[in-house]
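Remarks on the structure that follows.
No value in this document is a laboratory result; all are computed from the given coordinates. All values reported here derive from a predicted model rather than from experimental measurement. When we count neighbours, we look across all protein chains shown, and the Cβ atoms used for this are built from the backbone with ideal geometry, even at glycine.
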Amino acid sequence: MKHEELEKQIRDVLATETSYWVLSDKLFGPEGLFGKMGATVDERKTIGRSLLFKEAQRHIRDLEYEIADRLRQEMKERPVRVERSKQARVKAAQSSRSFKR
């Protein structure tokens, strides 16, 4: 596939894909579009410095921030109660008994 065709596909994916995981895989995964653009180390270095690559990274980072914000909000809304394991409860009970003597 030609370089220009790959660039067009990348732009289309950036414009339409809203899922972080799908976008990341399509662009940067083992069979990703950016990987198909460069066969040599020098070509990949050039691609890594391109505006399109930086735009894709920025888009991915923005989606990561959105995910982090959603998780942070969910954590505020739902208090998390951590249950102790039976082993931890027994150990804690034994420790408290040893201090009471």
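List of remarks:
- Per-peptide packing, taken as the mean over residues of other Cβ atoms within 10 Å, places 26-35, 84-93 in the sequence 26-35, 84-93 from highest down.
- Considering only alpha-carbon pairs that sit under 8 angstrom and 6 or more positions apart, the relative contact order computed for the chain is 19 percent.
- Kyte-Doolittle at least 1.0, axis length at least 15 Å by Cα - qualifying DSSP helices, the chain: none
- For the chain, the convex hull drawn through the C-alpha positions has a volume of 189 cubic angstrom per residue.
- Cross-link reach list, lysines versus LYS91, counting only Cα pairs under 29 Å and skipping chain neighbours closer than eight places: LYS100
- Spin-label pair LEU52-GLU7: with each label point 7 Å from Cα along the Cα-Cβ axis, the two points sit 0.6 nm from one another.
- Dipole of the chain [Lys/Arg +1, Asp/Glu -1 at C-beta], most positive-end residue of PHE34, PHE53, GLN87: GLN87
- Approximate spin-label separation ILE67-ASP25, in nm, with each point projected 7 Å along Cα-to-Cβ: 1.2 nm
- Magnitude of the charge dipole, the stretch 27-76, Cβ model with Lys/Arg +1 and Asp/Glu -1, debye to 20: 140 debye
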